[in-house]
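J.: Sharing a structure with you now.
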Amino acid sequence: MPTYRDEAVVLRTHKLGEADRIVTFLSRYHGQVRAVAKGVRRTASKFGARLEPFMVADVQFYEGRNLDTVSQVETLGSYGREIIEDYSAYTAATAMVETAERLTGEDSQPQQYLLLVGALRSLSNREHEPGLILDSYLLRALAIAGWAPNFFDCSRCGEPGPHEAFVLQVGGVVCRECRPAGAAVIDPLTAEHLGALLSGDWALLDSSPESIRSAASGIVAAYSQWHIERGLKSLQHVER
């Protein structure tokens with residue numbers, strides 16, 4: 001039976017029978033992988049704890065007709081416990097893995113994989129406020145998927161910014177001439193914060209006031225829900 005090995009992060013798990021689980025992974029080079037982990041729900045399982053959501057591992061798989069089978073697991077990043085112990089981090093991580101599952105498929109997605117692993121590591125290490133990590137992850141993941149937002153120049157005519165109106169349908173801010181009725185209005189500081197989320201300017205983000213973070217989060221949530229099919233159910237549980 002053919003085997004292959006890859007780094008992978010656990011997105012979610014489902015019970016199968018009395019002792020097994022079906023695990024959905026995002027791997028570095030094989031895209032999404034659904035595999036059966038046999039016996040992991042038994043207390044004597046040697047790698048059950050390594051296959052919980054948010055864990056990163058080096059996994060060996062046996063190829064199957066419908067589902068692959070996990071044969072070996074070595075932990076690379078043990079992020080699950082630290083994330084689960086903090087509700088804000090847990091809800092942010094849940095939204096991240098749901099996003100990753102929606103934006104990826106069976107094709108190789110190394111950029112999406114590395115982005116998700118980095119975000120989970122940051123949550124686990126308490127490097128920044130969970131809401132900031134989530135918002136930055138969402139914008140970057142959408143940018144990798146081909147929906148990079150624009151928060152400075154006009155998204156329709158290219159008129160140099162900054163501009164105040166944000167239009168989901170065109171993917172960014174627009175000038176007064178291109179502004180349609182009902183467009184959301186964002187102030188320059190919020191636009192700057194959104195740009196920092198996309199670029200990863202953590203010095204600016206960590207010092208931003210709560211009012212700016214809240215306004216930016218609303219834009220990020222709306223933009224994410226617009227582009228991700230069926231929306232993100234987990235976003236409604238995120239603690240802001």
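The values are calculated or read from the model by the stated rules, or taken from the named source; none is laboratory data. Only a predicted model underlies this, so the values are computations on that prediction, with no experimental measurement involved. Here the Cβ positions follow ideal geometry from the backbone for every residue, glycine too, while neighbour counts run over all protein chains shown. Accessible surface areas use protein heavy atoms only, side chains included; no ligands, DNA or RNA. Shrake-Rupley method; radii C 1.70, N 1.55, O 1.52, S 1.80 Å.
J.: Based on the alpha-carbon gyration tensor of segment 162-230 and its eigenvalue square roots a ≥ b ≥ c, which shape applies: rounded if a/c is under 1.5, prolate if not and a/b is larger than b/c, or oblate?
T.: Since a/c reaches 1.5 but b/c is at least a/b, the shape of segment 162-230 is classed as oblate.
J.: Using the Kirkwood radius over Cα pairs, work out the Stokes-Einstein diffusion coefficient for the chain at 10 °C and 1.306 mPa s, in µm²/s as a whole number.
T.: Translational D for this selection: 84 µm²/s.
J.: Continuing with this model, one more query. Just flag the trypsin sites (Lys or Arg not before Pro) in segment 134-237 sitting in loop per DSSP whose Cβ has no more than 11 other Cβ atoms within 10 Å.
T.: Within segment 134-237, the qualifying trypsin sites (Lys or Arg not before Pro) (loop, at most 11 other Cβ atoms within 10 Å) are Arg176, Arg230.
J.: Rolling a 1.4 angstrom probe over the protein heavy atoms, how many square angstrom per residue are accessible across segment 18-112?
T.: 50 Å²
J.: Can you pull out the GluC sites (Glu not before Pro) in segment 204-240 that DSSP calls coil and that have at most 11 other Cβ atoms within 10 Å?
T.: Glu229
J.: Between Arg65 and Ala222, what length comes free when the chain is fully extended (0.36 nm per residue of separation minus the Cα-Cα distance, one decimal in nm)?
T.: Residue separation times 0.36 nm, minus the Cα-Cα distance, leaves 52.6 nm.
J.: Add -39500 (n - 2.57) for each DSSP H run of 4 or more in the chain, then divide by its residues: what number comes out at 222 nm, to the nearest 500 deg cm²/dmol?
T.: When only DSSP H runs of four or more count, the value is -11500 deg cm²/dmol.
J.: If you don't mind, there's one more thing I want to ask. Given R₀ = 25 Å, FRET efficiency for Glu229-Lys15 by Cβ-Cβ distance, to 0.05?
T.: 0.40
J.: Over the chain, what relative contact order in percent results from Cα pairs under 8 Å that are six or more residues apart?
T.: Here the relative contact order equals 16 percent.
J.: Another question, then. Among Ser155, Gly131, Leu116, which residue has its Cα furthest toward the positive end of the charge dipole of segment 115-177, with +1 on Lys/Arg Cβ and -1 on Asp/Glu Cβ?
T.: Leu116
J.: Another one. What percent do you get for the relative contact order of segment 146-221 when only Cα pairs under 8 Å and 6+ apart count?
T.: 23 percent
J.: Find the Rg to Rh ratio for segment 34-104, where Rh is the Kirkwood radius over alpha-carbon pairs and Rg uses the same atoms.
T.: Using Cα coordinates only, the ratio equals 1.00.
J.: By average Cβ neighbour count within 10 Å, what is the ranking of 142-154, 88-100 from highest down?
T.: Peptide ranking by packing, descending: 88-100, 142-154.
J.: Which of the aspartates and glutamates could a cross-linker span from Lys38 if the Cα-Cα distance has to be under 12 Å and same-chain partners fewer than 8 positions apart are dropped?
T.: List returned: Glu18, Asp20, Asp68.
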